[in-house]
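The values are calculated or read from the model by the stated rules, or taken from the named source; none is laboratory data. Predicted, not measured: the structure shown is a model, and the values here were computed from it. When we count neighbours, we look across all protein chains shown, and the Cβ atoms used for this are built from the backbone with ideal geometry, even at glycine. What goes into the accessible areas is simple: the full protein's heavy atoms, side chains included, and nothing from ligands, DNA or RNA. Shrake-Rupley method; radii C 1.70, N 1.55, O 1.52, S 1.80 Å.
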Amino acid sequence: YIATHRNSVIVFHLPGEFLEDDYISELMDDIALTWLLGMKIVLVVGCRHQINKRILSKNNEDDATNQFLPFTAHNLRVTTLSILRYVKEEAGYARFEIERQLNRALKSHCANVEEGGNVISGNFYAAQPFGVVDGVDYEYTGIMRRVEVEKIRTIHEMNDVVLLTSLGASPSGEVFNVNSESLAAGVAGALKAQKIIFFSRFGGELRHVESDNLIQSLRLSDAKRLMSYHDMEINRRGYAIFPNKEMKENDAVTEFLVRIGWSTNALERGVKRAHIISPEKGSLLQELYTRDGAGTLISRDLYEGIRRATVDDVAGIYNLIQPLVKMGTLVDRPKSVLEEEILSYYVFTRDDLIVACGQLKRYEGGFAEIGCLVVNKDYRKEGRGDAMLSFLERVSLQSGAQSVFVLSTQTMHWFLERGFREVTVEALPPSRRAKYNYQRRSKIYMKTINSRLVDAAELNWDR
């Protein structure tokens with residue numbers, strides 16, 4: 001994991017309330033360690049919590065005024081000129097506190113590092129007014145307009161860390177209050193970051209409604225369906241919509257769904273993976289550098305173009321595998337057999353051309369067999385074989401399998417490099433053992449699977 005993440009761009013989002021908790025020092029130590037291990041860091045810190053406290057304090061002092069009420073529409077604050085003053089002060093406080101804590105952590109880790117290790121904050125993005133929506137003038141509430149990508153990359157080349165707050169300026173010099181989650185997702189997308197990390201004070205976890213098994217990873221499409229189920233969406237202009245009023249009253253569920261929402265927003269902008277984790281000591285390192293993880297991972301849909309085969313695909317699959325059949329690498333599969341077993345096949349298509357295929361058969365005892373894994377010679381070296389293998393492993397998991405196996409006479413090392421180990425015929429499920437061809441003497445390779453192992457495998461080919 002250390003080698004895989006080295007030189008990767010990662011964006012962290014820190015809510016303002018973390019600045020008042022005891023674990024902020026330990027969290028800064030963990031973030032500093034990711035820097036020491038070679039990650040290029042952008043840290044976005046919010047201050048909504050501090051602003052709310054200031055507004056409530058002002059209201060308690062003077063009940064007769066309404067100018068400081070935290071009026072929101074679409075769950076977004078209307079930033080008046082008076083509130084903007086609070087935003088400036090609290091954004092400055094948040095910036096100084098993170099600079100202080102992170103600088104301490106970086107310096108404690110970089111004794112043997114020749115250069116870098118500074119926290120650099122400044123005007124690295126431009127903002128613009130949110131405008132008037134549904135008759136409401138949001139005044140000094142803003143949205144991200146543009147990110148100074150090259151400036152940030154220059155700082156990363158100097159081995160320094162970039163720090164951003166929710167206070168953004170327009171080219172004309174006006175200052176706006178930008179939603180920090182929206183800013184983190186936008187900056188990560190502009191940088192095409194490998195990862196974005198949203199910290200959640202409640203932690204949060206997902207469990208399967210039937211099995212109660214912990215769900216540690218989601219596809220982008222799964223996350224969007226989960227949001228749709230709860231009638232929640234992230235508006236493109238930077239706010240969360242919750243038609244379900246009961247959800248607003250449950251802080252833990254609401255916060256977790258909002259984090260999922262901004263994660264999907266970042267993935268749709270080009271970020272590869274989003275993580276939602278607790279700020280507790282060690283959680284970040286466990287999530288990034290161990291297979292077990294410590295949070296929820298959401299990945300973009302890497303398998304776009306893969307689908308279950310139909311009878312219309314028989315000719316295409318047959319033509320794809322014939323060269324390997326003639327070489328003796330694959331067992332011959334007449335069109336009649338392909339048509340009979342077509343529902344066990346999956347195809348990877350590009351512009352209606354089948355460029356890869358694979359077969360998945362399920363057996364008793366939690367076993368599944370992957371076979372006929374073929375990629376068109378003109379499309380090799382592009383990760384399509386790895387994508388098809390990972391896809392079939394995920395389908396196996398969804399069907400309840402704990403182990404997958406392959407039979408091979410020529411491509412043994414390819415499977416060994418992907419976590420399979422050679423086993424004997426006795427390791428096969430009984431029904432498959434009875435059909436084993438002793439004359440062909442194919443070697444058997446088996447692999448135990450779970451969602452985190454598949455996630456780890458994806459990191460090696462989707463970098």
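For region 326-339, does any single residue satisfy the condition of being of a type in the set (S, T, N, Q), buried (at least 17 other Cβ atoms within 10 Å of the Cβ) and not in a helix (DSSP H, G or I)? Walk me through how you get there before you give the answer.
Step one: of region 326-339, the residues of a type in the set (S, T, N, Q) are 329, 336.
Pick out the ones that are also buried (at least 17 other Cβ atoms within 10 Å of the Cβ) and you get none.
No, that holds for no residue.
In region 138-158, the residue that is nearest to Ala193 (Cα to Cα) out of those that are open to solvent by 40 Å² or more (accessible area, probe 1.4 Å) and not in a strand (DSSP E or B) is Arg153.
Considered as a group, the residues in region 42-68 that are among the β-branched types (Val, Ile, Thr) and outside any helix (DSSP H, G or I) include one that is modelled with the lowest pLDDT, and that residue is Thr65.
Of all residues in region 285-314, those being open to solvent by 30 Å² or more (accessible area, probe 1.4 Å), closer than 30 Å to Leu37 by Cα and assigned to a strand (DSSP E or B) number 0.
Given the condition closer than 27 Å to Glu340 by Cβ, open to solvent by 20 Å² or more (accessible area, probe 1.4 Å), part of a loop (DSSP other than H, G, I, E, B) and β-branched (Val, Ile, Thr), answer yes or no: does some residue in region 424-438 qualify? Within region 424-438, none of the residues are closer than 27 Å to Glu340 by Cβ, open to solvent by 20 Å² or more (accessible area, probe 1.4 Å), part of a loop (DSSP other than H, G, I, E, B) and β-branched (Val, Ile, Thr).
Among the residues making up region 159-175, those that are assigned to a strand (DSSP E or B), over 24 Å from the mean Cα position of the chain (by Cα) and over 25 Å from Glu268 (Cβ atoms) are Leu167, Ala169, Val175. In region 386-417, of all residues being within 12 Å of Arg362 (Cα to Cα), open to solvent by less than 50 Å² (accessible area, probe 1.4 Å) and in a loop (DSSP other than H, G, I, E, B), the one that is modelled with the lowest pLDDT corresponds to Gly400. Return yes when Tyr363 is surrounded by 15 or more Cβ atoms within 10 Å (Cβ to Cβ), in contact with a helix residue (DSSP H, G or I) (Cβ under 7 Å, 6 or more places away or on another chain) and either of a type in the set (A, V, I, L, M) or under 22 Å from Tyr445 (Cα atoms) (or both) and no when it is not. Answer is yes for this residue. Of all the listed residues (Ile321, Ile317, Ile276), the sole one being in contact with a strand residue (DSSP E or B) (Cβ under 6 Å, 6 or more places away or on another chain), assigned to a strand (DSSP E or B) and open to solvent by less than 10 Å² (accessible area, probe 1.4 Å) is Ile276. Could you check region 1-26 and list, in sequence order, the residues that are at pLDDT below 90, over 16 Å from Phe198 (Cβ atoms), assigned to a helix (DSSP H, G or I) and among the acidic types (Asp, Glu)? Across region 1-26, the qualifying residue is only Glu20. Just wondering, is there one or more residues in region 69-92 that are over 24 Å from Val258 (Cα atoms), outside any helix (DSSP H, G or I), modelled with pLDDT of 65 or more and hydroxyl-bearing (Ser, Thr, Tyr)? The answer is yes, given that some residue of region 69-92 is over 24 Å from Val258 (Cα atoms), outside any helix (DSSP H, G or I), modelled with pLDDT of 65 or more and hydroxyl-bearing (Ser, Thr, Tyr). Reported count of residues in region 211-231, each being under 19 Å from the mean Cα position of the chain (by Cα) and under 17 Å from Phe256 (Cβ atoms), is 13. Would you be able to tell me the number of residues in region 191-215 that are in contact with a strand residue (DSSP E or B) (Cβ under 9 Å, 6 or more places away or on another chain), open to solvent by 40 Å² or more (accessible area, probe 1.4 Å) and at negative phi? Going through region 191-215 one residue at a time, the tally reaches 7.
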